[in-house]
1. Any idea what angle helix 581-597 forms with the longest principal axis of the chain, computed on alpha-carbon atoms, 0 to 90 degrees, nearest 10?
2. Leaving out ligands and nucleic acids, note down the accessible area per residue over the chain with a 1.4 angstrom probe, in whole Å².
3. Expected output is a single nm value to one decimal: the length gained when fully extending between Ala459 and Val343, i.e. 0.36 nm times separation in residues minus the C-alpha distance. What is it?
4. If you keep only loop residues by DSSP, which trypsin sites (Lys or Arg not before Pro) in the range 9-63 have at most 16 other Cβ atoms within 10 Å of their Cβ?
5. Would you calculate, for the chain, the mean residue ellipticity at 222 nm contributed by helices, counting each DSSP H stretch of 4 or more residues as -39,500 (n - 2.57) and dividing by all residues, to the nearest 500?
6. Compute the long axis of helix 472-481 from its Cα atoms, compare it with the longest principal axis of the Cα atoms of the chain, and write down the angle in degrees, 0 to 90, nearest 10.
7. For the chain, what is the relative contact order in percent, using Cα pairs closer than 8 Å and at least 6 residues apart in sequence?
8. Under the 0.36 nm per residue contour assumption, what length would be gained going from the current alpha-carbon distance of Arg498 and Thr752 to full extension?
Amino acid sequence: MEHCIPLGRLSRHDLAVAGGKGANLGELLRAGYAVPPGFVVTTGAYRSAGRDPRTVPDDVAEAVRRAYVDLGSPPVAVRSSATAEDLPGAAFAGQQDTYLDVVGADAVVGAVARCWASLRSERAVAYRRERGIGEADVAMAVVVQEMVRPDHAGVLFTADPVSGARDRVVVDSFPGLGEAVVGGEVTPDHAVVDASGAVVGRRAGELPGQELPDEVLAEIARVGRGVAEHFGTPQDVEWVLADGGVVLTQARPMTALPPPPVRLNRLQRVTGPVLLELLPRRPLPLELTAWVDDVLARHLGRMFGEMGGMRLDLGAVLPREDGVLQSFVPPVPRPTLRTPARVARSVVRSLRHRARDWRDDPRVPELRRRADALGGPGLEGRAWSALTGAQAEAADLLAELGSLRALYLPAAFRSLASLGVAVRVLGRGLRLTDLVGGVATETTRANAALADLADEVRADARLREVFAAGSGQELVDELASSPVAEDLRGRLAQVLRRWGHREGSTILLLREPTWGEDPSTVLGLVKALAGGRAGQAGPGAGVPAPAVRVGTSRALRRLARAASEGVAMREDTHFEISRPMPGLRQTFLEIGRRLAAHGHLERAEDVWYLLREELAALPDPAGHAADQGAAAYADLRPAVERRRAAHAALAGSPLISPASLYPGHVARAGALVSGVAGGGGTATGPVRVLAGPGEFGTFRPGEVLVCAATSPPWTPLFARAAAVVVDHGGPASHAAIVAREYGLPVVLATGTATTTLRTGQVVTVDGQRGLVLDG
């Protein structure tokens, strides 16, 4: 076995032997780029070390010494090159070790051993776990290269990492070695170079007067563009200037890169942030093709079609490749020839039907029964045809719900519009939110029920101890067996019977368990609420009607009452959309279990990487027709792995460039984060960054809630928050509306709050100016 291979003999196809860094450096050399000479200690050498990578086997140590002597025994850089690093979606920047200015053969062998050991460091293991990379799939190569003594060094990005613009190269530079720039130890000079080579933006670093001239920056950018063109994807390149030339020390795909900016009209910039809050993560292929494309699309198509004859092209809104969502383009509803007649019919419906009458519609009980029948006990005994037919049944019943909503929503819109006009005409300091805020809905009733559970926990020292000691599934298990929680268990069961189909995240993400399927989300909310004062359920909790100030006219109160009924109707019929979610989710997992049991998938959860049409075409794996479907089954595992890799490559990348949604937005001097002002005054408190509902239980009263976006399941946290800051969402978003009802400062559409702010950091949120300030 060859333990050390010169870089010049490697290419990008040698990932399994040389790791990501080594394979890419070899590819650059082959393509004619200047790269410091060196060699790679292979992954085979690492594996030969067995269970103790801190000890280099004798034959490997001898091979390293020999390769080092052949290099000329110069001072070298010894750097990790794991098989899972420098890949799309997983850069592994700084996760494994690097050693500079290593001199002497024995010192190089020691540095190799330390690089090997860093593969199993706590931070590297945690990084891989977050990205779903199994430990058995990873091995370590090590790159040994001659040290270069540069005049300047730095990093370049061949696309703008903030806006996603592909016609910009961003160059950060600093005198001396580049490790200080990569490690964030210095403030580098920052330059932006356009496609023509012109420097179109500059910001001096901490050593004024040391900036590179424009012509040198243009040459660095030219080299970077060539690297990106060679690899076929935007690159993150480390470089040095030595002996008047550009020398490359690393190249890897850019991660977390937004799609290229697109030009949006005013309507798209309004609706885009509202819809984006329903996509806190990239949907998986089955969520997209079976739930969003078909079930929800039929619901929306029926509803918008009947109300206004509008057509919505979800393929253009959610473009994908091989079922993997690539980006998000805010929709532009298209009128049809039927639009005038359908709008006229909606006006008539708004006069004939009251919004609140939807509950008495005879179709509602039957739609609920059919939704509940999708899941429940006995799934494991259902026929294959019943399982594969459940998705079509869900699509049919939500299409019928769309027709029902189209009958009553016009009255809701008319009452809200009428009240808005009245408020604008009358003035008197009235606000629409003051007149319709506090309306009772299923969401506010659920919040009140959770607040009651929190009061029970707060009042019982034994329950407080149980909640303080546990979280997540551990807390669920403890409460299931704890004798002190008997009454709480009964009340929790009542909550889950009524609201158990509440979506765990948003109505677009079917894979996320609902409240009833995963009570840990509910208990996390109870834990967060139990940390505050008793009875803090928030606006609308058990309130039968909105609070209209004394002195307003009877007509205005009547309009406010009708508008509140419209708000409740819109909210509660939205709540009905989630009713089929648990049953359909359980059905897909049962399909996955059967496919895995017969060896067609590795695990049941892999079903989420399949497409709706693939599932529909599969015969029963346990039936006599399974042999006829052998070819279709043979394609499943490769399809899962292909789509899993494509999905992982986009991990961390926004679905749309912030520059598209917020074209005029620029960071304001002195602010940690800035965005759209949502009002609510100012508040100071420690930050709590939440990635999703699974972290609800970590939230503490008085903290600043920072997240990508919120949806109805997040609402109870507003009762304990000091302020709210979100990456996405405009003045009409869930976060904005609920924060106004609670009187909280809110900053919207920051684009970067979740990556800029850190948990525990004390900030002041200025909702009037849209700023988040230090301290």
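The values are calculated or read from the model by the stated rules, or taken from the named source; none is laboratory data. Treat the numbers as computed from the prediction; the structure is a model and nothing was measured. Reconstructed Cβ throughout: ideal geometry from the backbone, glycine too, with neighbour counts over all protein chains shown. Each accessible area value is taken on the protein alone, full model and side chains, heavy atoms only, with ligands, DNA and RNA left out. Shrake-Rupley method; radii C 1.70, N 1.55, O 1.52, S 1.80 Å.
1. 40
2. On the way: 32690 Å² over 775 residues.
I get 42 Å² per residue for this part.
3. 36.3 nm
4. Details: sites: Arg9, Arg12, Lys21, Arg30, Arg47, Arg51, Arg54; in loops: Arg51, Arg54.
Those that pass, being in a loop and sparsely packed, are Arg51, Arg54.
5. Value at 222 nm, helices only, nearest 500: -13000 deg cm²/dmol.
6. Roughly 50 degrees, rounded to the nearest 10.
7. Numbers: 1560 pairs, mean separation 92.9, N = 775.
Reported as a whole number, the value is 12 percent.
8. Contour length minus the Cα-Cα distance gives 87.8 nm.
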